[in-house]
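In what follows, a single structure is set out as structure tokens and then discussed.
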Amino acid sequence: MGDGGSGESPGEAKKGRPKSTTKAKESVLKQKSPAEFFAENKNIAGFDNPGKCLYTTARELVENSLDSAESISELPVIELTIEEIGKSKFNSMIGLVDRVRVDEELYEDFESAKAREKRLAKEARFQEIQAKNASLGKKVKEAPATKGIKGRGEASFFKVTCKDNGKGMPHDDIPNMFGRVLSGTKYGLKQTRGKFGLGAKMALIWSKMSTGLPIEISSSMTGQNYISFCRLDIDIHRNIPHIHIHEKRDNKEQWHGAEIQVVIEGNWTTYRSKILHYMRQMAVITPYAQFLFKFLSDAPDKNVTIRFARRTDMMPPVPLETKHHPSAVDLLLIKRLITETSKQNLLQFLQHEFVNIGKAYAERLIGEMGPEFSPKMSVKSLTSQQIVRIHQLFRQAKFDDPSGDCLSPAGEYNLRLGIIKELHPDMVATYSGSPQVFEGHPFIVEAGISLGGKDVKQGLNIFRFANRIPLLFEQGADVVTRTALKRINWSSYKINQAQDKIGVFVSIVSTKIPFKGTGKEYIGDDISEIVSAVKASLKQCCTQLKSKIMKRIQAREQQERKRNLKRYLPDAVGAVHGVLREMANLQTSKKRRYEGEEADVLQKVSAHAITKEILQEKLAKYVEQVDYEMALEYAMQSGVSKGPRETIFIQPLEAHHNFIDFHGSSCVFRLIL
């Protein structure tokens, strides 16, 4: 028993033995690819839910097509087709055989016997109440729609196809243009339609997540005798394209452009109106484009075909890429410009990498930076502290504002034409402001206001555009909405905000649109320069409309006055003719004698040369003449009183000419001798 001196029982020994601790897992740093990040945060790019995904996919494809056609100054012709795909057809596309349900209770839409009995009893009670109400002569309510339970697996799938007549894409670049996130041609400083630079890449990511099917691209550039066809999907974790087919095919019709086809999960029912509103508003802001929209379904009554015809061939100029303004750069951007510049010294770097810095001003800036800076010093040798000093000086120094030459607004003519084409208003006014600047970025505000029209509701109907694309979501917080609702006194312009059908159109273009929110769906009203520009543009339109409304009111009053005069004309003529006959009788009976013109008139009355009919005809002509003279006098007065004159001259063909200027109330006409 000596060797058992511990005195512990086997059970106690087992209980008191320390447990073997598992080795703690070491934390491993993981890196996400850009594609993986956007796949996990797809709501940032506008892919919140299946319905929004369908809308955003269509929008991205249409905007890419517009950019492609405009880049080669080709009038855009764009066809967008959304085809609904049933479950059986989708399964056949992916090689999946339909399977009959075996265990019904597994499914969300399963209805138990108890639930079915309860539902039928409820329907029976409702029918009994309806019959009782009908017998008593009371109003019979409609039967409530039965709410079917739609399981998560019963998704709707759509094939979205967009075809254009743009410049197409180089054959070898297609895989990376669609299968590699954050790689593209729109990352310079210029006005672009895109919000994130993702384009159709996000549609491909959503297709990968919802259907697993690849995207198909057909493309041909001008003059090419082949069509590039590519079927690919994306390796989300590695952010590289996975190519299925990439080949060249015959281009017998010499077509140029691109056709993109993608199959995604979506919801047409909830986002039908948004997609149609988007197409309509796009037709407003781009009247030089021709759109054909189709929705195809197995149910013929659900099919939709809408053609938005072209109304002009005047296209805005292509936006130009510009250099950065010194007041709009940060430290990271300065460092990137230093890394990418081809200039050797600091003086050349300041002159050529930024706008509005000439040689003399660059030398003054370098002198202000301190003794450790010199014009000839290598820009690549700048230390972090020296770069911070440059950034601080950029924020404090005065620079000329950037010009708006790099911007491409729709143009007042196109905006007016688009409004008239799509809304058919009774009256419209447009205004295009001059370029202005916020935080070193140029911007232009264009505005239009319409009254009346087709499919326009009473009250304010607000249409917002940023870099010539419609904004349909989060309208309440937008600078345009808040300005129209709170900063414009509509009644002072003879416009009834509650009862009139008012269309408010505002388009803002800039090298940097100050979007708010993760989805970039609205422009905040915290930038005073933009708020002032939007308000001024809308007030200019209101002033134009007030003039037209006043003229319409005066014309209406003139018509009312003429109607009143014509209404009382027979009574007045009868009274006058009665007085004249009485006077003629007095002269005939020699009770009273009249001389001169009065005697001649009374003699004609007695001889029936002046009758009631003749008097009525003469008086009606006189009323017309007086009314015309009053209207002409008002028009001349109002024309003279309208604001300051703006002298407009047509540029002469040669440098020197003799000429005579004829000054009118609203213009100056120059006659070249």
Exercise. Take the residues of region 381-392 that are aliphatic (A, V, I, L, M) and in a helix (DSSP H, G or I): which is most open to solvent (accessible area, probe 1.4 Å)?
Worked result: Val388
For this session: Determine whether region 326-334 contains at least one residue that is loosely packed, with under 14 Cβ neighbours inside 10 Å and out of contact with any helix residue (DSSP H, G or I) (no Cβ under 8 Å at 6 or more places or on another chain).
Result: yes
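Suppose we keep only residues that are surrounded by 13 or more Cβ atoms within 10 Å (Cβ to Cβ) and β-branched (Val, Ile, Thr) within region 534-555. Which one would you say is modelled with the lowest pLDDT? Quick ask: steps written out before the conclusion?
From region 534-555, those surrounded by 13 or more Cβ atoms within 10 Å (Cβ to Cβ) are 534-552, 554; that's our starting set.
From the residues that got through so far, the ones that are β-branched (Val, Ile, Thr) too are 534, 543, 549.
Details: Val534: 95, Thr543: 94, Ile549: 90.
For region 534-555, the residue satisfying everything is Ile549.
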Problem set entry | Meets criteria (open to solvent by less than 50 Å² (accessible area, probe 1.4 Å), at pLDDT below 90 and among the charged types (D, E, K, R)) for Glu439 | no
Problem set entry | Members of region 263-311 that are acidic (Asp, Glu) and farther than 17 Å from Val160 by Cα | Asp301
Exercise. Can you name the condition, by its number, that Ser434 falls short on among (1) in a loop (DSSP other than H, G, I, E, B); (2) within 20 Å of Ile549 (Cβ to Cβ); (3) among the hydroxyl-bearing types (Ser, Thr, Tyr)?
Worked result: (2)
Problem set entry | Residue in region 393-425 that is nearest to Glu353 (Cα to Cα), counting only those that are part of a helix (DSSP H, G or I) and open to solvent by 30 Å² or more (accessible area, probe 1.4 Å) | Arg395
For this session: Take region 73-110 and flag every residue that is farther than 21 Å from Gly266 by Cα, loosely packed, with under 15 Cβ neighbours inside 10 Å and in contact (Cβ under 8 Å) with a residue 24 or more places away in the chain.
Result: Ser73, Tyr107
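Can you tell me which residue within region 480-506, out of those that are open to solvent by 20 Å² or more (accessible area, probe 1.4 Å) and part of a loop (DSSP other than H, G, I, E, B), is nearest to Gly433 (Cα to Cα)?
Within region 480-506, the subset open to solvent by 20 Å² or more (accessible area, probe 1.4 Å) is 482, 485-487, 489, 491-494, 496-501.
With part of a loop (DSSP other than H, G, I, E, B) added as a condition, the list becomes 489, 494, 496-500.
On the way: Asn489: 20, Lys494: 23, Asn496: 25, Gln497: 24, Ala498: 28, Gln499: 29, Asp500: 26 Å.
Filtering region 480-506 for residues that are open to solvent by 20 Å² or more (accessible area, probe 1.4 Å) and part of a loop (DSSP other than H, G, I, E, B), the one nearest to Gly433 (Cα to Cα) comes out as Asn489.
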Problem set entry | Unmet criterion (only one of (1) free of Cβ contacts under 8 Å to residues at least 60 places away in the same chain; (2) closer than 30 Å to Ile495 by Cβ; (3) open to solvent by less than 50 Å² (accessible area, probe 1.4 Å); (4) not aliphatic (A, V, I, L, M)) for Gln558 | (1)
Exercise. Restricted to region 48-72, and to residues that are open to solvent by less than 30 Å² (accessible area, probe 1.4 Å) and among the polar types (S, T, N, Q), which residue is farthest from the chain's Cα centre (by Cα)?
Worked result: Ser68
Seminar exercise, completed: Checking Val509, Val531 in turn, the sole residue that is farther than 21 Å from Leu189 by Cα and either touching a residue at least 12 places away in the same chain (Cβ under 8 Å) or open to solvent by 50 Å² or more (accessible area, probe 1.4 Å) (or both) turns out to be Val531
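The values are calculated or read from the model by the stated rules, or taken from the named source; none is laboratory data. The shown structure was predicted, so the numbers you read here are calculated from the model rather than taken from an experiment. In this analysis, Cβ positions are derived from the backbone assuming ideal geometry, glycine residues included, and neighbour counts consider all displayed protein chains. To get the accessible areas, we keep the full protein, side chains included, count just its heavy atoms, and leave off ligands, DNA and RNA. Shrake-Rupley method; radii C 1.70, N 1.55, O 1.52, S 1.80 Å.
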